[in-house]
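Undergrad: Here it is, the structure in full.
The values are calculated or read from the model by the stated rules, or taken from the named source; none is laboratory data. Owing to the predicted nature of the structure, the values given are computational and were not obtained by experimental measurement. FYI the Cβ positions are ideal-geometry reconstructions off the backbone, even for glycines, and counts take in every protein chain you see.
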């Protein structure tokens, strides 16, 4: 039976592609591939989800975009600090929940980024 195995990528327009790539490389340590994409190889523990929200949901606020990117990370607090040092707008406080640690920021293109660190023992 055919099934979806995970997110293949997120594709979007931005005003200055090179500056955007450089921001992610410099401030978040992302390896930008020769062809210009960000790519993370699976560590064998990852899963990816796609989750729709109602049109009037405020979960993606304060971004004006109709999407948000969730990234699975190993240290939310450090990456939130790096994003802030790079000029990103941090949204709210880092939250430690039963599902893991979450943090949010608005990147240079106005996109809300949610960082998720899986709960220990998950």
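Undergrad: Starting from the stretch 43-70, keep only residues that are within 19 Å of residue 109 (Cβ to Cβ), then list their pairs with residues that are modelled with pLDDT of 90 or more and part of a loop (DSSP other than H, G, I, E, B) whose Cβ atoms are within a distance under 8 Å, requiring at least 6 positions of separation or different chains.
TA: Pairs found: 63/110; 63/111; 64/110; 65/110; 65/111; 67/111; 68/111; 69/111.
Undergrad: Check residue 94 against each of (1) over 13 Å from the mean Cα position of the chain (by Cα); (2) not in a strand (DSSP E or B) and name the one condition it does not meet.
TA: Of everything listed in (1) over 13 Å from the mean Cα position of the chain (by Cα); (2) not in a strand (DSSP E or B), residue 94 misses just condition (2).
Undergrad: Additional query: Against the condition assigned to a loop (DSSP other than H, G, I, E, B) and surrounded by 15 or more Cβ atoms within 10 Å (Cβ to Cβ), how does residue 60 come out, does it pass?
TA: So residue 60 fits the description; yes.
Undergrad: For the subset of the stretch 104-121 comprising residues that are in contact with a strand residue (DSSP E or B) (Cβ under 7 Å, 6 or more places away or on another chain) and farther than 18 Å from residue 65 by Cβ, which member is surrounded by the most Cβ atoms within 10 Å (Cβ to Cβ)?
TA: Out of the qualifying residues, it is 117.
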